[in-house]
Amino acid sequence: MSPTTFPVGILASSVLKITSSFESIATATVSSGGQSTITFSSIPQTFTHLQIRGILQGSRPGPVPSGYASLRFNSDTGSNYRDHVMASSINDSPPTVNAWTEGLLDFFYLSAIPGVAAAPFFGIFTTEILDYSSTNKNKVIRTFEGMDTNANTINGYNASSISFKSGLWMNSANAITSITIEALGTSSPFKQYSQLALYGIKGA
Amino acid sequence: MAAGPTYELIATTTAGGSSTNITFNSISGSYTDLVLIIASVTAQIDNVGITLNSDTGSNYSRTIMQGNGSTKSSSKNNNQTYLYTMYKDTAGGDPVMSISQFLNYSNSTTYKSVLTRQVTNSSGTKSAQSILSVWRSNSAITSISINSGNANFNSGATFTLYGIAAA
């Protein structure tokens, strides 16, 4: 598809603003010194759902191009998290899609984060946390995440990926009041310009 | 403490049936993310691509995961000349739609990444795709140009751009 084949354009119009039930709660941006853990605490209980959007870059050294970020609720480090993953597998021949279950673990796998070998690319994700303030239901999340480095492989390792995840936090009694996102192991710390934004979505 | 409502409509346009291109220009940098929804495309179109800031260089890449009800696959395309947002509809007639999220589009320090989900439900091609795209530029995104490869967008196809501000 060549852009030169599209000479006819029309300018979008109709500038409007509408009242929204989607509200920004807090944002964290990593400064030049890096940061291993980002926590949103004292989350208000006035919404129905939460959403986190983020761009993340890690600092994993060596030839492996990516590491991983984790997600925990309420500082719970017990084995109470389970992930269900559907992900691309670019290195298979032909490239395919795989699905599997993780857990029970003491964290959610949240998002791939490029390391030193894949700089300056960032991993990105959006996560929805449903009925986060319930005190009688286990909490479930949905994540769309990945990283693209304009390469299939770097140093022989998979260098680009995309996945959908659903997750279960087996805690029905407690509302989610804090969210901690951490760069796992050698991926730590998150590098400068990494950013996480937390939003609240109101129900009717 | 919540900073107040966000997710605002920036602009919307409806195709008139005589254009292969829709462009959102002069996009404000006052948001953190953009969301672009393309809906009700029923024309027999080729792949729909997006160029940012009129950049037609080989500065785009994408990772794709897809399924069509019977098979699943993934693919990778590097050094492309456009972002990919909608799979071709080889038959036309049934609606195709996509939603794309441009994360941190207004900074001048990082490459720009886009998460897209799209569905095609034509008689020729039924599929659901998720796409992660990258534009290798640190420039803030100020224009989004949506291009249909081989045919005009049908009359009634809608293109809506939202902005989401972070606290």
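With a requirement of 2 or more residues that are closer than 24 Å to A:Ser42 by Cβ and out of contact with any Cys (no Cβ under 7 Å at 6 or more places or on another chain), the strands (runs of 3 or more DSSP E) lying completely within segment A:92-191 that satisfy it span A:108-114, A:123-130, A:139-147, A:161-169, A:179-183. Scan segment B:76-107 residue by residue and report those that are within 7 Å of chain A (Cβ to nearest Cβ) and of a type in the set (Lys, Arg). Selection gives B:Lys76 alone.
When only residues in segment B:2-48 that are at positive phi and at the interface with chain A (Cβ under 7 Å from one of its Cβ atoms) count, which is surrounded by the most Cβ atoms within 10 Å (Cβ to Cβ)? First the steps, then the outcome.
First, pick out the residues of segment B:2-48 that are at positive phi: B:4, B:7, B:17, B:26, B:40.
If we keep only those that are at the interface with chain A (Cβ under 7 Å from one of its Cβ atoms) as well, we get B:4, B:7.
Values: B:Gly4: 10, B:Tyr7: 20.
This residue is B:Tyr7.
In segment A:133-148, the residue that is farthest from the other protein chains (Cβ to nearest Cβ) out of those that are under 17 Å from the mean Cα position of the chain (by Cα) and not basic (Lys, Arg) is A:Val140. Counting just the residues of segment B:49-58 that are in contact (Cβ under 8 Å) with a residue 24 or more places away in the chain and more than 9 Å from every other protein chain (Cβ to nearest Cβ), which one comes out surrounded by the fewest Cβ atoms within 10 Å (Cβ to Cβ)? Among residues in segment B:49-58 that are in contact (Cβ under 8 Å) with a residue 24 or more places away in the chain and more than 9 Å from every other protein chain (Cβ to nearest Cβ), the one surrounded by the fewest Cβ atoms within 10 Å (Cβ to Cβ) is B:Gly57. On inspection, A:Gly67 fails the criterion of being of a type in the set (Gly, Ala, Ser) and closer than 19 Å to A:Val140 by Cβ.
Taken as a whole, segment A:90-100 holds at least one residue that is among the charged types (D, E, K, R) and either more than 18 Å from the chain's Cα centre (by Cα) or surrounded by 23 or more Cβ atoms within 10 Å (Cβ to Cβ) (or both). Of all residue pairs spaced 6 or more apart or on separate chains, those with beta-carbon atoms under 7 Å, a first member in segment A:93-117 that is in contact (Cβ under 8 Å) with a residue 40 or more places away in the chain and under 23 Å from B:Leu115 (Cβ atoms) and a second member that is basic (Lys, Arg) and not in a strand (DSSP E or B) are A:Gly115/A:Arg60.
Taking B:Ser73, is it facing another protein chain (nearest Cβ under 9 Å), assigned to a strand (DSSP E or B) and modelled with pLDDT under 95? So B:Ser73 passes the test. Regarding A:Phe144, is this residue buried (at least 16 other Cβ atoms within 10 Å of the Cβ), of a type in the set (A, V, I, L, M, F, W, C), without any contact (Cβ under 8 Å) to a residue 60 or more places away in the chain and at negative phi? Yes: the conditions hold for A:Phe144.
Out of B:Ser61, B:Ser98, report the one residue that is hydroxyl-bearing (Ser, Thr, Tyr), within 20 Å of A:Gly146 (Cβ to Cβ), at pLDDT below 95 and crowded, with 16+ Cβ neighbours inside 10 Å. Working first, answer last.
Values: B:Ser61 fails: at pLDDT below 95.
Of the residues listed, the single one that is hydroxyl-bearing (Ser, Thr, Tyr), within 20 Å of A:Gly146 (Cβ to Cβ), at pLDDT below 95 and crowded, with 16+ Cβ neighbours inside 10 Å is B:Ser98.
Could you say whether any residue in segment A:118-136 is aromatic (Phe, Trp, Tyr), surrounded by fewer than 17 Cβ atoms within 10 Å (Cβ to Cβ) and at pLDDT 95 or above? Checking segment A:118-136: not a single residue is aromatic (Phe, Trp, Tyr), surrounded by fewer than 17 Cβ atoms within 10 Å (Cβ to Cβ) and at pLDDT 95 or above. Answer yes or no as to whether B:Thr116 is under 30 Å from A:Ser194 (Cβ atoms), more than 7 Å from chain A (Cβ to nearest Cβ) and at pLDDT 95 or above. The answer is yes for B:Thr116.
Annotation note: of A:Gly123, A:Gly115, A:Gly58, the sole residue that is over 30 Å from A:Thr177 (Cβ atoms) and small (Gly, Ala, Ser) is A:Gly115.
Total residues in segment B:153-167 satisfying the condition of being facing chain A (nearest Cβ under 9 Å) and in a loop (DSSP other than H, G, I, E, B): the figure is 3.
The values are calculated or read from the model by the stated rules, or taken from the named source; none is laboratory data. Keep in mind that this is a model prediction, so the values were computed, not measured. Here the Cβ is made from the backbone with ideal geometry for all residues, glycine too, and neighbour counts use every protein chain on show.
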